[in-house]
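This report concerns only the one structure given below.
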Amino acid sequence: MEEIKREFADFNVYPHKVFVSVLLLDGKIYNWKIKNTHWTTPMEVKMRYSDFPLIDEGRFTVEWTSFMANNSKEHELAFSTWSREWYRQWEVSEKKVGASPFGY
């Protein structure tokens, strides 16, 4: 089994990475996060217990990226703008957990 490298960013030190992750169900946003770490597998993500069988069916996939923040302004942009632009490549699933990454 391939080992997946986990990265961690210290948000108190610049520059640092802001990680943006998404869990897709059938190619649509099911759950998402912006944090100092990223998801690597669906098993790490909050989901409904009733949706667990969908993991074995291969219907969940995880994608992530990161943005480099060199100062507090870029850190804020990573959360407020850059991440939302990245999420726009997918539709939001009707089965999403929590709020939309777009605020609606």
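The values are calculated or read from the model by the stated rules, or taken from the named source; none is laboratory data. A quick note: this is a predicted structure, and the numbers were derived from the prediction, not measured. Backbone-built Cβ (ideal geometry, glycine too); neighbour counts: all protein chains shown. Calculation scope for accessible area: heavy atoms of the full protein, side chains included, ligands and nucleic acids excluded. Shrake-Rupley method; radii C 1.70, N 1.55, O 1.52, S 1.80 Å.
Nearest 500 deg cm²/dmol is fine: what mean residue ellipticity at 222 nm does the chain get from its DSSP H runs of n ≥ 4 alone, each adding -39,500 (n - 2.57), divided by its residue count?
Calculated at 222 nm, the ellipticity per residue is -3000 deg cm²/dmol.
From the square roots a ≥ b ≥ c of the eigenvalues of the alpha-carbon gyration tensor of the chain, which class results: rounded (a/c under 1.5), prolate (a/b over b/c), or oblate?
Oblate is the answer for the chain, as a/c is 1.5 or above yet b/c matches or exceeds a/b.
Round to a whole number: what % of the accessible area of the chain belongs to carbon and sulfur, probe 1.4 Å?
Carbon and sulfur: 51 percent of the exposed surface of the chain.
Using the heavy atoms of the protein chains and a 1.4 angstrom probe, tell me the accessible area per residue for the chain in square angstrom.
With the other protein chains kept in place, the chain gives 63 Å² per residue.
Can you tell which of 33, 73, 17 shows the greatest fluctuation in a Gaussian network model of the chain with Cα springs below 10 Å?
Top of the fluctuation ranking is 73.
Where both partners of a DSSP beta bridge lie in the chain, what percent of those bridges are antiparallel, to the nearest 5?
If we restrict to bridges inside the chain, about 95 percent are antiparallel.
For segment 3-76, which GluC sites (Glu not before Pro) are in a loop by DSSP, counting at most 12 other Cβ atoms within 10 Å?
3, 7, 57
Mind listing which chymotrypsin sites (Phe, Trp or Tyr not before Pro) in segment 1-102 are in a DSSP loop and have 14 or fewer other Cβ atoms within 10 Å?
8, 11, 102
Please list, or write none, the lysines whose alpha carbon is within less than 28 Å of the alpha carbon of residue 28, excluding same-chain residues fewer than 8 places away.
Here the lysines satisfying the reach criterion relative to residue 28 are 5, 17, 46, 95, 96.
If 48, 88 are ordered by their accessible area, calculated over protein heavy atoms with a 1.4 Å probe, which sequence runs from highest to lowest?
Accessible-area ranking of 48, 88, largest first: 88, 48.
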